[in-house]
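All remarks here apply to the structure that follows.
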Amino acid sequence: MKLCYFIGMPNLTKINPDSSTQISLTFDDGKEFKVPYLDLRFECPCATCVDEMTGKRTLRRDTLNPNVKPLRIEPVGRYGIAIAWSDGHSTGMYHFDRLYEIGQSLKN
């Protein structure tokens, strides 16, 4: 079953904890990315972490607990996931295309 049906958008097919510090994201084009939890938490797109008017990130990486981990990951429709983090944050929704971009940026 496809989780996302938007044309051109990569479809996230599998999410697995890869270790105590990172998550594995697999997409329907065969690409798999291992993303550190801290990087994923920092990339939260919610209005608390990113200014809604300017799009500028307001969350500072140095304020995050380096041992932050997801407590719960839930699907949002067929296009994203919501993550409840160990630091109490849970308002961000990660679209599959953004997760793909994050994964690609960390491969370089």
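The values are calculated or read from the model by the stated rules, or taken from the named source; none is laboratory data. Bear in mind the structure is a predicted one, so any value in this text is a computation, not a measurement. Cβ atoms come from the backbone with ideal geometry, glycine included; neighbour counts cover every protein chain shown.
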Some residue of segment 98-105 being free of Cβ contacts under 8 Å to residues at least 40 places away in the same chain, surrounded by fewer than 15 Cβ atoms within 10 Å (Cβ to Cβ) and in contact with an Asp or Glu (Cβ under 7 Å, 6 or more places away or on another chain): no
Residues of segment 68-80 satisfying the condition of being closer than 11 Å to Leu38 by Cα and free of Cβ contacts under 8 Å to residues at least 40 places away in the same chain: Val68
Strands (runs of 3 or more DSSP E) contained in segment 18-108 and holding at least 3 residues under 10 Å from the mean Cα position of the chain (by Cα): 80-85, 93-95
Condition broken by Thr63, with the remaining ones in (1) at pLDDT 95 or above; (2) among the hydroxyl-bearing types (Ser, Thr, Tyr); (3) farther than 13 Å from Cys44 by Cα; (4) in contact with a Leu (Cβ under 8 Å, 6 or more places away or on another chain) satisfied: (4)
Every residue from segment 47-75 that is of a type in the set (Gly, Ala, Ser) and loosely packed, with under 11 Cβ neighbours inside 10 Å: Gly55
Per-region count, segment 54-102, residues of a type in the set (Lys, Arg) and within 16 Å of Gln22 (Cα to Cα): 2
Hey, Ser90 under 18 Å from Leu106 (Cα atoms), surrounded by 13 or more Cβ atoms within 10 Å (Cβ to Cβ) and small (Gly, Ala, Ser) or not: no
Single residue of segment 4-17 satisfying the filter (buried (at least 17 other Cβ atoms within 10 Å of the Cβ) and assigned to a loop (DSSP other than H, G, I, E, B)) that is modelled with the lowest pLDDT: Cys4
